[in-house]
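Colleague: Got a structure for you, written out below as structure tokens; questions coming shortly.
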Amino acid sequence: MVKPVGQLSHESIIKSLTVNLIAPTLLANKFIARYQNPNIEKWIINVSSGAGKNPVASWSTYCSAKSGLDILVNLLQLVGT
């Protein structure tokens with residue numbers, strides 16, 4: 001749902017954050033837990049967006065989720081997934 005904060009239903013906020021941030025986080029967590037062998041090269045690929053770095057007023061939850069996803073990817077690089 002593309003609307004500014006204050007015009008969104010609770011359901012659309014939950015759906016947007018689930019699809020764009022929570023699901024990728026859960027998948028990365030499961031993948032890392034399953035493949036902890038340090039001798040195996042691992043890749044996690046996520047779809048980012050300029051909206052994660054450049055806010056658009058009517059894309060409130062999408063921008064927020066993509067920004068969170070960008071930070072998650074940076075954190076995963078730090079821990080050497």
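Colleague: For the residue pair residue 54 and residue 25, what label-to-label distance in nm results when each label sits 7 Å from Cα along the Cα-to-beta-carbon direction?
Modeller: 2.6 nm
Colleague: Show me, for the stretch 15-32, the HN-Hα J-couplings you get by feeding each phi into the Karplus relation (A = 6.51, B = -1.76, C = 1.60, θ = phi - 60°), rounded to Hz, glycine and proline as x.
Modeller: 5, 4, 5, 5, 5, 9, 9, 5, 4, x, 5, 4, 5, 4, 4, 5, 4, 5
Colleague: Given an 8 Å cut-off on Cα distances and at least 6 residues of separation, report the relative contact order of the stretch 13-81 as a percent. Write out the running numbers ahead of the final one.
Modeller: On the way: 46 pairs, mean separation 28.8, N = 69.
Result for the stretch 13-81 is 42 percent.
Colleague: Still on this structure, I have one more. Ignoring everything except DSSP H segments at least 4 long, calculate the 222 nm mean residue ellipticity for the chain; use -39,500 (n - 2.57) per segment, divide by total residues, nearest 500.
Modeller: Working: 3 runs with 40 residues, N = 81.
So the calculated ellipticity at 222 nm is -15500 deg cm²/dmol.
Colleague: Additional query: I'd like the orientation of helix 60-79 relative to the chain: the angle between its Cα long axis and the longest Cα principal axis, in ° from 0 to 90, rounded to 10.
Modeller: Taking the Cα atoms of the chain, the angle to 60-79 is about 10 degrees.
Colleague: Shifting gears a bit: State, in angstrom, two size descriptors of the stretch 14-59 derived from its alpha carbons: Rg to one decimal place and Dmax to the nearest whole number.
Modeller: Cα-based Rg and Dmax for the stretch 14-59 come out at 14.1, 44 Å.
Colleague: What shape does the chain take by its C-alpha gyration tensor, where a ≥ b ≥ c are the square roots of the eigenvalues and a/c under 1.5 counts as rounded, a/b above b/c as prolate, and the rest as oblate?
Modeller: Working: a/c = 3.99, a/b = 2.19, b/c = 1.82.
Since a/c reaches 1.5 and a/b is larger than b/c, the shape of the chain is classed as prolate.
Any read-out appearing in this document is the output of simple, stated calculations on the displayed coordinates, not a laboratory observation. Given the structure is predicted, the values throughout are model-derived calculations rather than measurements. Ideal geometry is used to build each Cβ from the backbone, glycine not excepted, and the neighbour counts take in all protein chains shown.
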